[in-house]
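First the structure, in the form of structure tokens, and then the observations on it.
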Amino acid sequence: MNISHIEHLGIAVKSLDEAIPYYENILGLKCYSIEEVADQKVKTAFFKVGQTKIELLEPTSEDSTIAKFIEKRGEGIHHMAFAIEDGVASALAEVEAKGVRLIDKAPRKGAEGLNIAFLHPKSTCSVLTELCEDPNK
Ligand code: CO
């Protein structure tokens, strides 16, 4: 697989309303999009830092994986997402062949219309890892 850059860092927060002012007023970043991803039961807020984004994740339901993460580990960095130049499907096949445990066996739609898939933290030195590709690129 060919990773071009860190596409985004996913950060679990209890409240976008409470977190966004830190990123805007203290760090001087601009929230350019807020989007609800219904099937992941999260509301997301995006900031750009160069080529990389910060994706704040607020749970919209108590059974959201983000709600469970915050309950167990508190707010903070939840996952790291790599931009894959040559396709998420083939990257998944490649790492699965190398014995990596997959959360998603096939790419699915994530925020911003990206094709995404998660690798299991048991196989990624405990960092929940997302592979992304922009289908419009
Ligand atoms: Co993500």
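The values are calculated or read from the model by the stated rules, or taken from the named source; none is laboratory data. What you are looking at is a predicted structure, and each value in this text was computed from that prediction instead of being measured. Virtual Cβ from ideal backbone geometry, glycine too; neighbours counted across all protein chains shown. For accessibility, only protein heavy atoms count, side chains too; no ligands or nucleic acids. Shrake-Rupley method; radii C 1.70, N 1.55, O 1.52, S 1.80 Å.
Any residue at all in region 85-106 that is assigned to a strand (DSSP E or B) and within 14 Å of the chain's Cα centre (by Cα)?
No, region 85-106 contains no residue that is assigned to a strand (DSSP E or B) and within 14 Å of the chain's Cα centre (by Cα).
Read through the list (1) β-branched (V, I, T); (2) surrounded by fewer than 17 Cβ atoms within 10 Å (Cβ to Cβ); (3) away from the ligand (no atom under 14 Å from the Cβ), then give the number of the only condition that I77 fails.
Among (1) β-branched (V, I, T); (2) surrounded by fewer than 17 Cβ atoms within 10 Å (Cβ to Cβ); (3) away from the ligand (no atom under 14 Å from the Cβ), I77 violates only (3).
Looking at S33, is it away from the ligand (no atom under 15 Å from the Cβ) and polar (S, T, N, Q)?
Values: away from the ligand (no atom under 15 Å from the Cβ): no; polar (S, T, N, Q): yes.
So S33 fails the test.
I'd like the residue in region 5-38 that is touching a residue at least 60 places away in the same chain (Cβ under 8 Å) and not in a strand (DSSP E or B) and, out of all such residues, is least open to solvent (accessible area, probe 1.4 Å).
V13
Just one of the numbered conditions (1) of a type in the set (S, T, N, Q); (2) open to solvent by 30 Å² or more (accessible area, probe 1.4 Å); (3) free of Cβ contacts under 8 Å to residues at least 40 places away in the same chain is not true of T52; which one?
(3)
Filter region 90-122 down to residues that are touching a residue at least 24 places away in the same chain (Cβ under 8 Å) and over 24 Å from L56 (Cα atoms) and give me whichever is surrounded by the fewest Cβ atoms within 10 Å (Cβ to Cβ).
G99
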